[in-house]
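Participant: Can you keep this structure in mind? I'll have questions shortly.
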Amino acid sequence: MKRTALAVATTVVALMSANGLAYAQSKGGVIDVATIGEPPTLDPMASTADLVGIVTQHIFETLYTFDAKWGATPLLAAALPTISEDGKTYTIPLRTGIKFHDGSVMSSADVVASLKRWTTVATRGKQAGEVITDIAATDASTVTITLSKPYAPLVALLSLNNAAAIILPAANTAQDPLTSFVGTGPYKLQERVPDQYIQLVRFDDYQSLGGEPNGYGGARNQYLDEIRFVPVPDPSTRVSAAMAGQYDYVDQLPVESFQQISGGATKPVVLAPFGWPVFMMNTKDGLNSDIRIRKAIQAALAPEDMMLAAFGSPDFFSIDAAWYPESFVWHSEEGTAAYKPDGDTEAAKVLLAEAGYDGKPLRILTSRQYEFHYKMAQVAQAYLEAAGFKVQMDVVEWATLTTNRADPALWDIYITHSPFLPEPSLMGIMSDTSPGWWATDAKHAAVEAFNAESDPAKRAALFVDVQKVIYDEVPGYKVGNFNALAAQSPELDGVTPAPWPYFWNAYVTAQ
């Protein structure tokens, strides 16, 4: 049986649920968290990179966030918004007495200025900005957002931690790029030494919500004195460090290292299923601005071999053409006939000939910091070359990739991944301004109908049309579903495994 619109697969729900700890732990301790690299920015409005969201969700906060069942829940807002009968006016009450790291008190003026910045800086903010006609302070503790038409994804967009609608002091919202990293979060930025560490320290004036922890929502207890995020770009180095217990938490390990981690000084943390890898197409410029080339790529790729190379064993992946697995209400098989587990080289050759391909290199932008991206790219290269493409592999640091993907002159495909997001309109592919720049009449008709509908059952039916357009126009190629692996010290407790790991509520125990 399918679940509600704001739900995730069974195992991830279980992992995100409250862990039943008594939280009688005293404050103290410093933890080191190994990440896949150096974040390109500490401005979560300016990036959709998961790494940026992982670090900055401790510094900055949004009006809403997601609970253990992926429902929207208040964070800096005092309650979920009151929505007018016509669906065009959202009235948001704010929590009062909330302090920024600089000691100033948050007001509706800060929220209005921050949301206006979000609609001009963040890809998801620009997406919402297309239907937002006004953001205004009703009074010191109330904000009203007015829309040109009903827009069901708005609260979900306000809840996400990347391309995030963070709340800043109004005086800082004119900064672009952001230079003053002042938020309301449980930890504040103490020091950043590029390529060495990002040091966060407890914000003593933080005001946590009451009650129990609940996914990313609920109580955010500050047991730790410091959290240090340390970039460890090489995946084999992260594995060795995890086995040796060098870090308290090691993120994004190759799943084939599960047995090694199990026998080491830290314990494995598995999220299953985690999400999907995707090959994003540059529809704006270069080879992939031609839909016939994109369709040839779609025919040429062999997802089964790509996933096997990336994850080693079917225990860690599944071949699935649908953009959402069967456990989601968004699941549909519409359009998926174009997805061939073993690829179709001959069909790709025919499509390539019809496109008049002249041998211009197909540029694949990828990184080895996510080793599974690189392994998929290697297999993709072989299949694409068999179909007649000349392939150019551009392998760069992840931070460089997130910068280069913003320039349509630099790539034809870039490889990324995402956890399964509770609201499809959170997917980058749904935004016209996200790298790939997919913007067609067919897309707009399907997506606008989906976003305008508030009834969950009707929205699920309308997402079928969205998926069909994705397969028809190939702005991206979903490869399959995969699990994720991390490692955690036995002396670190209170961490609830989650797609974007967080360390409020975490504490250090003596073993």
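The values are calculated or read from the model by the stated rules, or taken from the named source; none is laboratory data. Source: prediction; values computed, not measured. All Cβ positions, even for glycine, are placed from backbone atoms using ideal geometry, and neighbour counts span all protein chains on display.
Participant: Can you tell me which residue among GLY129, GLY125, GLY103 is in the same structural domain as LEU154 (by TED's automatic domain parsing) and on the phi > 0 side of the Ramachandran plot? I'd like the intermediate steps shown before the answer.
Facilitator: Details: GLY129 fails: on the phi > 0 side of the Ramachandran plot; GLY125 fails: on the phi > 0 side of the Ramachandran plot.
One residue alone meets the criteria, GLY103.
Participant: Among the numbered conditions (1) hydrophobic (A, V, I, L, M, F, W, C); (2) crowded, with 19+ Cβ neighbours inside 10 Å; (3) not assigned by TED's automatic domain parsing to the domain that holds LEU384, tell me where ALA510 comes up short.
Facilitator: Single failed check for ALA510: (2).
Participant: Something else now. Could you list all residues from region 105-130 that are more than 29 Å from GLU453 (Cα to Cα) and in a loop (DSSP other than H, G, I, E, B)?
Facilitator: Correct list: MET106, SER107.
Participant: All but one of (1) buried (at least 17 other Cβ atoms within 10 Å of the Cβ); (2) over 18 Å from PHE450 (Cα atoms) hold for ALA156, so report the exception by its number.
Facilitator: (2)
Participant: Quick check on region 113-153: of everything there that is surrounded by fewer than 19 Cβ atoms within 10 Å (Cβ to Cβ) and basic (Lys, Arg), which residue is nearest to THR82 (Cα to Cα)?
Facilitator: Among those that are surrounded by fewer than 19 Cβ atoms within 10 Å (Cβ to Cβ) and basic (Lys, Arg), it is LYS149.
Participant: So ASP320 clears everything in (1) assigned to a loop (DSSP other than H, G, I, E, B); (2) more than 30 Å from LEU485 (Cα to Cα) except one condition, right? Which one?
Facilitator: (2)
Participant: Still on this structure: Do we have ALA140 as modelled with pLDDT of 95 or more and in contact with a Phe, Trp or Tyr (Cβ under 8 Å, 6 or more places away or on another chain) here? I'd like the intermediate steps shown before the answer.
Facilitator: Working: modelled with pLDDT of 95 or more: yes; in contact with a Phe, Trp or Tyr (Cβ under 8 Å, 6 or more places away or on another chain): no.
No, not satisfied.
Participant: Would you point out the residue of region 268-295, among those that are surrounded by fewer than 20 Cβ atoms within 10 Å (Cβ to Cβ) and out of contact with any Ser or Thr (no Cβ under 7 Å at 6 or more places or on another chain), that is modelled with the lowest pLDDT?
Facilitator: It comes out as VAL270.
Participant: Then there is this: Which condition number does PHE482 fail, the rest of (1) assigned to a helix (DSSP H, G or I); (2) farther than 17 Å from GLU334 by Cα being met?
Facilitator: (1)
Participant: Moving on. Which residues, taken from region 76-99, are under 25 Å from VAL182 (Cα atoms), in contact (Cβ under 8 Å) with a residue 40 or more places away in the chain and either part of a loop (DSSP other than H, G, I, E, B) or among the hydroxyl-bearing types (Ser, Thr, Tyr) (or both)?
Facilitator: Once the filter is applied, which keeps residues that are under 25 Å from VAL182 (Cα atoms), in contact (Cβ under 8 Å) with a residue 40 or more places away in the chain and either part of a loop (DSSP other than H, G, I, E, B) or among the hydroxyl-bearing types (Ser, Thr, Tyr) (or both), region 76-99 yields LEU76, ALA78, LEU80, ARG95, THR96, GLY97, ILE98.
Participant: Out of (1) of a type outside the set (Ser, Thr, Tyr); (2) within 30 Å of TYR223 (Cβ to Cβ); (3) buried (at least 23 other Cβ atoms within 10 Å of the Cβ), what's the single condition that is false for ALA399?
Facilitator: Going through (1) of a type outside the set (Ser, Thr, Tyr); (2) within 30 Å of TYR223 (Cβ to Cβ); (3) buried (at least 23 other Cβ atoms within 10 Å of the Cβ) one by one, ALA399 breaks only (2).
Participant: Being in contact with a strand residue (DSSP E or B) (Cβ under 6 Å, 6 or more places away or on another chain) and at pLDDT below 95: is that true of PRO499 here?
Facilitator: Values: in contact with a strand residue (DSSP E or B) (Cβ under 6 Å, 6 or more places away or on another chain): yes; at pLDDT below 95: yes.
Judged against the criteria, PRO499 is a match.
Participant: Which pairs turn up if I take residues in region 127-149 that are under 23 Å from SER431 (Cβ atoms) and look for partners that are among the β-branched types (Val, Ile, Thr) and modelled with pLDDT under 95 with beta carbon separation below 9 Å, at least 6 apart in sequence or on another chain?
Facilitator: Cβ pairs passing all conditions: GLN127/THR433.
Participant: Consider THR73 carefully, then state whether it is in the same structural domain as PRO153 (by TED's automatic domain parsing) and free of Cβ contacts under 8 Å to residues at least 40 places away in the same chain. If you could, list the steps in order and put the result at the bottom.
Facilitator: On the way: in the same structural domain as PRO153 (by TED's automatic domain parsing): yes; free of Cβ contacts under 8 Å to residues at least 40 places away in the same chain: no.
Spelling it out, it is not the case that THR73 is in the same structural domain as PRO153 (by TED's automatic domain parsing) and free of Cβ contacts under 8 Å to residues at least 40 places away in the same chain.
Participant: Could I ask something else about it? Return the only residue of ASP315, ASP342 being modelled with pLDDT of 95 or more and either among the small types (Gly, Ala, Ser) or farther than 23 Å from LEU401 by Cα (or both). Steps first, please.
Facilitator: Values: ASP315 fails: modelled with pLDDT of 95 or more.
Step by step, each of ASP315, ASP342 is checked, and only ASP342 is modelled with pLDDT of 95 or more and either among the small types (Gly, Ala, Ser) or farther than 23 Å from LEU401 by Cα (or both).
Participant: I want to confirm something. Restricting to region 361-387 and keeping residues that are touching a Lys or Arg at 6+ places or on another chain (Cβ under 7 Å) and either under 21 Å from LEU410 (Cα atoms) or aromatic (Phe, Trp, Tyr) (or both), which single residue is surrounded by the fewest Cβ atoms within 10 Å (Cβ to Cβ)?
Facilitator: The initial filter retains those residues of region 361-387 that are touching a Lys or Arg at 6+ places or on another chain (Cβ under 7 Å), namely 361-362, 365, 374, 387.
Now drop any that are not either under 21 Å from LEU410 (Cα atoms) or aromatic (Phe, Trp, Tyr) (or both), which leaves 361-362, 365, 374.
Working: PRO361: 14, LEU362: 24, LEU365: 25, TYR374: 19.
My answer is PRO361.
Participant: Further question on the same structure: So, ASP102, is that one among the acidic types (Asp, Glu) and part of a loop (DSSP other than H, G, I, E, B) or not?
Facilitator: Details: among the acidic types (Asp, Glu): yes; part of a loop (DSSP other than H, G, I, E, B): yes.
Against the criterion (among the acidic types (Asp, Glu) and part of a loop (DSSP other than H, G, I, E, B)), ASP102 qualifies.
Participant: Restricting to region 200-231, what's the tally of residues that are part of a strand (DSSP E or B) and out of contact with any Asp or Glu (no Cβ under 7 Å at 6 or more places or on another chain)? Can you show your working first?
Facilitator: Residues of region 200-231 part of a strand (DSSP E or B): 200-202, 213-214, 217-218, 226-231.
Then drop every residue that is not out of contact with any Asp or Glu (no Cβ under 7 Å at 6 or more places or on another chain), which leaves 213, 226-227, 229.
Within region 200-231, residues that are part of a strand (DSSP E or B) and out of contact with any Asp or Glu (no Cβ under 7 Å at 6 or more places or on another chain) number 4.
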